[in-house]
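The values are calculated or read from the model by the stated rules, or taken from the named source; none is laboratory data. Quick caveat, the model's predicted, so the values are computed rather than measured. For neighbour counting, all protein chains shown are included, and Cβ atoms are generated from backbone atoms with ideal geometry for every residue, glycine included. For accessibility, only protein heavy atoms count, side chains too; no ligands or nucleic acids. Shrake-Rupley method; radii C 1.70, N 1.55, O 1.52, S 1.80 Å.
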Amino acid sequence: MIVALTNDDGIRAHGLRSLYKALLDAGHRVRVVAPVDEQSAVGHAITVREPLRVKRYNENGFSGFGVSGTPADCVKLGISSLLDEEPDIVLSGINAGANVGPDIMYSGTVAAAREAAAMGYPAMALSFDSFKEADLSAYADYAVSLMEKIVWHEIPERRIVNVNFPNVPFEQARGLKVCPQTGAVWHDWYHEYIDPRGTPCWWLDGDIPPERVAPGTDRAYLTEGWITLTPLRFDFTDRETLAVLRNRLCGNDAGTGREDLAPRMNDGD
């Protein structure tokens with residue numbers, strides 16, 4: 001397979017390099033387009049107010065394009081302009097830090113896969129549940145085997161396969177769970193500091209409270225030492241609320257939607 005590989009931790013990140021090697025060792029052709037600098041938590045931002053610049057990396061058996069933009073930029077620019085071959089699939093990761101539950105809103109790693117899915121490509125996001133550097137070679141090998149096992153044409157268009165690895169050595173992982181994302185959200189707080197010039201500044205911190213995490217969801221399984229796989233879709237439409245609002249605002253038969261646009265006449269007119 002021709003694999004387009006990206007991330008949000010930057011082109012020098014250990015997770016990306018581990019996955020690159022695993023893909024090559026498995027016989028795949030890898031094309032890297034990744035941010036030059038770390039782009040964690042930028043979500044699905046794209047660059048529109050300045051040009052993107054590209055640097056070619058060739059070092060120690062590694063080759064790829066570094067882009068001065070976001071993960072979504074990398075996918076858009078890479079597939080449309082930089083790559084010499086169209087990829088069969090886009091992988092994003094392996095990210096430092098889990099992307100479960102509400103993380104998928106903020107994650108540049110997941111956003112890169114989401115951009116690929118929006119463009120019509122099979123896409124998988126991969127993350128490791130720790131920000132500390134670890135040996136990810138075994139998890140990278142597993143990621144490649146998982147990619148190969150999935151029958152991608154059975155997955156509907158504009159879907160993402162979101163995979164998270166637990167913060168344990170690979171041989172201690174309990175196995176794979178295909179599961180929904182948690183509905184729990186982050187509890188945030190800020191640390192206030194005074195910079196050397198006497199100006200206050202704030203640094204975001206937070207966690208997902210364990211007591212709010214439902215059993216059987218990605219965050220719960222990941223904490224228990226399982227590898228988690230959650231399919232995500234691009235369509236954010238809330239069908240249940242759509243029906244409620246359509247009935248309330250447009251009438252039982254949904255009408256034309258123009259009923260409330262008619263002029264309202266005063267009694268004296």
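Axis of helix 108-118 versus longest Cα principal axis of the chain: the two differ by about 70°, to the nearest ten degrees.
Just need the relative contact order of the chain here, percent rounded to a whole number, with Cα pairs under 8 Å and 6+ apart.
Values: 532 pairs, mean separation 44.1, N = 269.
Once normalised by length, the contact order is 16 percent.
Comparing I227, I104, I46 in a Gaussian network model of the chain (Cα springs below 10 Å), the most mobile by mean-square fluctuation is I46. Near T6, once Lys and Arg are set to +1 and Asp and Glu to -1 for all other residues with Cβ below 14 Å from its Cβ, the sum equals -1.
Our Cα-only numbers for the stretch 1-150 put the radius of gyration and Dmax at 13.7, 41 Å.
The alpha-carbon positions of the stretch 179-228 define a convex hull whose volume is 92 Å³ per residue.
Above 20 angstrom, tally the Cα pairs of the stretch 104-189 and express them as a % of all pairs, no decimals. Numbers along the way, then the final one.
Details: 1546 of 3655 pairs.
Of all Cα-Cα pairs in the stretch 104-189, 42 percent lie more than 20 Å apart.
Each Cα pair under 8 Å and six or more residues apart adds its separation to the average, and for the stretch 58-199 the resulting relative contact order is 25 percent.
Cross-link reach is defined here as a Cα-Cα straight distance under 29 Å, omitting same-chain residues fewer than 8 places apart; for K55 the lysines meeting it are K21, K76, K132. Among W203, W189, W226, the largest mean-square fluctuation in a Gaussian network model of the chain (Cα springs under 10 Å) belongs to W203.
Can you give the accessible area per residue of the stretch 1-81, in Å², using a 1.4 Å probe?
Working: 3800 Å² over 81 residues.
So the stretch 1-81 comes to 47 Å² accessible per residue, rounded to a whole number.
Using DSSP to define loop residues, name the GluC sites (Glu not before Pro) in the stretch 75-147 whose beta-carbon has at most 16 other beta-carbon atoms within 10 Å. Hits after loop and neighbour filter: E85, E133.
For the chain, what is the percent of antiparallel DSSP beta bridges, rounded to the nearest 5? Write out the running numbers ahead of the final one.
Working: 20 of 44 bridges.
Looking only at bridges with both residues in the chain, the antiparallel portion is about 45 percent.
Relative to the dominant Cα principal axis of the chain, helix 239-250 is inclined by about 20°.
Please state the equivalent ellipsoid semi-axes for the stretch 163-206: what are the square roots of 5 times the Cα gyration tensor eigenvalues, largest first, in whole Å? Before the final figure, lay out each step's value.
On the way: eigenvalues 289, 49, 8 Å².
Output for the stretch 163-206: semi-axes of 38, 16, 6 Å.
To the nearest whole percent, what portion of all C-alpha pairs in the stretch 114-255 is separated by more than 19 angstrom? If you can, show how the numbers build up before the last one.
Details: 6665 of 10011 pairs.
In whole percent, the share of Cα-Cα pairs in the stretch 114-255 beyond 19 Å is 67.
Net charge of the neighbourhood of P231, taken over other residues with C-beta under 15 Å away and scored Lys/Arg +1, Asp/Glu -1, is +2.
Binning all Cα-Cα separations of the stretch 47-101 at 5 Å, short to long from zero, yields these whole-percent fractions: 4, 14, 22, 25, 19, 11, 4, 0. Of the accessible area of the chain, computed with a 1.4 Å probe over protein heavy atoms only, carbon and sulfur atoms account for 51 percent.
Only the Cβ atoms of Lys and Arg (+1) and of Asp and Glu (-1) were treated as charged; on that basis the dipole of the chain about its Cα centre amounts to roughly 440 debye.
Per residue of the chain, the DSSP helices (runs of n ≥ 4 H) give a summed -39500 (n - 2.57) that works out to -7000 deg cm²/dmol at 222 nm. Here is the list for the stretch 143-209: trypsin sites (Lys or Arg not before Pro) lying in DSSP coil, each with at most 13 other C-beta atoms within 10 angstrom of its C-beta, are R174, R197. For the stretch 125-261, the solvent-accessible area works out to 69 Å² per residue, with a probe of 1.4 Å and every protein chain left in place.
For F65, what charge total do you get from the other residues with a beta carbon under 12 Å from its beta carbon, if Lys and Arg give +1 and Asp and Glu give -1?
Values: positive: R31, R53, K55, R56; negative: D73, D84.
Its environment carries a net charge of +2.
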